[in-house]
Amino acid sequence: MNIHKEYARIYGHSPTWQVCAPGRVNLLGEHVDYNDGVVLPAAIDRAVHLAVAPAADGVVQLHALDLGEQVAFRLDALERRLDLEGKPLPGWAAYPAGVAWALIEAGLMVGGMQAVYTSDVPIGAGLSSSAAVEVAFAAAWRALGGWQLDNLSLARICQRGEHAYVGVHSGLMDQFTSACGVEGHALCFDTRSLEWRPLALPPGTGIVVADSGVRRTLAGSAYNDRRAACEQAVVLLQQYKPGLRSLRDISTVEFAAYSEYLPDEIRRRAEHVVKEIHRVQQAVNALRGEDARLFGGLMFAGHKSLRDLYQVSIPELDVLVEVARGLPGIYGARLTGAGFGGCTVNLIEAAQAEVFIEGLIDGYRQHTGKDARVYLCRASAGVTAFPYTI
Ligand code: GLA
């Protein structure tokens, strides 16, 4: 789709900026970003593409090309969540509207805009399609407003919008990755200190994403419940370890000593988080040592923990992981993102990509009767904005 042409067809003039914000996969460190842990995501070559121009009247007009839907709302009436005609904003518009709301709250200049956008990040597949929309719009308002703000800070404002406006208490990983991705690299992101650095994947490896086709919605899901369970675990564990601020602060050994005092469900949730944080440390060492096999083993262990302890997997994702385990070229596989549906991520030997992908599609069909979309991904750069020159 030529987004410039679509923009001109809809609005009758040219856009002034084009913005591109990628989705992401998370290689390891799942459900740890709201527990102060370290995550290892990578931006992927699937993205939201947005074309915009400023509008003078404080009105935001959006055309979501993939949905074939449009909406217009006033920036001075964001709190009411109504469109220009007084109808409730559609769900998909809450993401850009939430970003505008959060940017204004942060004291940044946000003006009216006319926008069209399209995305090849599948929606509800655990590849952060909504964070990519948020980051794209935040970068568009930054470009239109002419103000300066680094990408990490921009990501934090998007997260604020998601918490306060959309109502999902997500961590920072998705917005961060879409904003700060580095071509050819995973990102080692410490969600407590907010320090990060790109890390190269082991030589000769590739990332394959396998989409189960099962969709989830984050807002209506058990995501917020999982987060609440972690917070309860912290409160309970503070009796034994005063000064504990988050599950990041407890080692696997300490956890083994205190976990029996936790109610069963909370213990399981917390055990996943504490051990996953530990796995990420080992995984970072594996990357430094270019040890794909060790890294892959940690991915398999991460999946088991998400399935049995955190209980966010579904049978289709378990099938994808089990089939992948028996295929040539596999190092590791696990569900990626929040879970409850969506995709697995696979670290494979790049030379075996074709055979691996075919085998995974076949195996998934045999076990479930369903078709999976399976593709090789490139670790990609974060958000970019280009002015159109006429
Ligand atoms: C979603 C959230 C992230 C993170 C993952 C689970 O993608 O948006 O912040 O918590 O789930 O790791």
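The values are calculated or read from the model by the stated rules, or taken from the named source; none is laboratory data. Since the model is a prediction, treat every value here as computed from it, not as a measurement. We place every Cβ from the backbone using ideal geometry, glycine too, and count neighbours over all the protein chains shown. For accessibility, only protein heavy atoms count, side chains too; no ligands or nucleic acids. Shrake-Rupley method; radii C 1.70, N 1.55, O 1.52, S 1.80 Å.
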*Say the dipole of the stretch 1-126 comes from +1 at the beta carbon of Lys and Arg and -1 at that of Asp and Glu; which of I44, H13, H63 then lies farthest toward its positive end?*
H13
*Considering Cα pairs under 8 angstrom that are at least six residues apart, work out the relative contact order of the chain and quote it in whole percent.*
23 percent
*How would Y7, Y375, Y261 line up by accessible area, probe 1.4 Å, largest first?*
Y261, Y375, Y7
*Relative contact order for the stretch 262-390: what is it in percent, counting Cα pairs under 8 Å that are at least 6 residues apart?*
18 percent
*Convex hull (Cα only) mean projected area of the stretch 246-390, reported in nm² to one decimal*: 12.8 nm²
*Can you give the accessible area of R216, probe radius 1.4 Å, in Å² rounded to 10?*
40 Å²
*Jot down the per residue volume, in cubic angstrom and as a whole number, of the convex hull over the alpha-carbon atoms of the stretch 262-312.*
52 Å³
*Which FRET efficiency value, to the nearest 0.05, do you get for T252 and A200 by plugging their Cβ-Cβ distance into 1/(1 + (r/R0)^6) with R0 = 22 Å?*
0.20
*asked:* For a bin width of 5 Å, list the pair-distance distribution of the stretch 1-128 built from all Cα-Cα distances, rounded to whole %.
replied: 2, 9, 17, 19, 18, 16, 10, 6, 2, 0
*Residue of G297, G342, G12 that the Gaussian network model of the chain assigns the largest fluctuation, springs spanning Cα pairs under 10 Å*: G12
*So for the stretch 1-61, Kirkwood radius off the Cα pairs, Stokes-Einstein at 10 °C and 1.306 mPa s: how many µm² s⁻¹?*
110 µm²/s
*With the Cα gyration tensor of the chain in hand, convert its eigenvalues to equivalent ellipsoid semi-axes via √(5λ) and list them largest first in whole Å.*
35, 25, 19
*Other-chain or far-sequence residues with amide H under 5 Å of G23's (modelled H)*: I44, R46, A47, V48
*How big, on average over all directions, is the shadow cast by the Cα convex hull of the stretch 108-186, in nm²?*
6.0 nm²
*Given the C-alpha centroids of the stretch 236-273 and the stretch 20-34, what is the distance between them in whole angstrom?*
24 Å
*How large is ³J(HN,Hα) for each residue in the stretch 38-51, as worked out from phi by the Karplus curve 6.51 cos²θ - 1.76 cosθ + 1.60 (θ = phi - 60°), to whole Hz, x for Gly and Pro?*
9, 10, 10, x, 9, 6, 10, 8, 10, 8, 8, 10, 10, 10
*Tell me, what is the per residue accessible area of the stretch 93-144 in Å², probe radius 1.4 Å?*
23 Å²
*Compute, for S119, the solvent-accessible surface of its heavy atoms (probe 1.4 Å) with the complete set of protein chains present, and express it in square angstrom to the nearest 10.*
40 Å²
*Order of 32-42, 129-139, 178-188, 346-356 by packing, highest average Cβ count within 10 Å first?*
129-139, 32-42, 178-188, 346-356
*Can you tell me the dipole magnitude for the chain around its Cα centre, using point charges on the Cβ only (Lys, Arg +1; Asp, Glu -1), in Debye to the nearest 20?*
180 debye
_Taking the Cα centre as origin and putting +1 on Lys and Arg beta-carbons and -1 on Asp and Glu beta-carbons, what dipole magnitude results for the stretch 162-215, to the nearest 20 debye?_
80 debye
*Return the sequence-ordered ³J(HN,Hα) values of the stretch 7-21 in whole Hz as given by the Karplus equation 6.51 cos²θ - 1.76 cosθ + 1.60 applied to θ = phi - 60°, using x for Gly and Pro.*
4, 5, 5, 6, 9, x, 8, 8, x, 9, 9, 10, 10, 10, 10
*Tell me the label-point distance for the pair V235, K87, using the 7 Å Cα-to-Cβ offset, in nm and rounded to one decimal.*
4.2 nm
*Report the label-to-label distance for K370 and R74 in nanometres (one decimal), using points 7 Å from each Cα along the Cα→Cβ vector.*
4.5 nm
*Under the Karplus relation 6.51 cos²θ - 1.76 cosθ + 1.60, θ = phi - 60°, what is the ordered set of whole-Hz ³J(HN,Hα) values for the stretch 186-195, x standing for Gly and Pro?*
7, 10, 9, 10, 8, 6, 8, 7, 6, 7
*Dipole-positive endmost among V312, V121, I361 within the chain (Cβ charges, Cα centre)*: V312
_Probe radius 1.4 Å, ligands and nucleic acids ignored: give me the carbon and sulfur share of the accessible area of the chain as a rounded percent._
51 percent
*For L244, which sequence-distant residues (separation of 5 or more, or a different chain) have an amide H within less than 5 Å of its own amide H, given hydrogens modelled in the peptide plane?*
none
*For the stretch 139-248, calculate the relative contact order in percent as a whole number, restricting contacts to Cα pairs under 8 Å that are 6 or more residues apart.*
17 percent
_From the convex hull of the Cα coordinates of the stretch 70-114, what is the mean projected area in square nanometres?_
3.0 nm²
_What distance in nm separates the two pseudo spin-label positions at Q281 and I314, each 7 Å out from Cα along the beta-carbon direction?_
3.5 nm
*asked:* Can you list residues from other chains, or at least 5 along the same chain, whose modelled amide H is less than 5 Å from the amide H of L201?
replied: A186
*For the stretch 181-265, what is the convex hull volume of its Cα atoms per residue in Å³?*
183 Å³
*Quotient of Cα Rg and 2.2 N^0.38 Å for the stretch 126-171, N being how many residues it contains*: 1.14
*Rg to Rh for the stretch 122-279: what is it, with Cα atoms only and Rh by Kirkwood?*
1.00
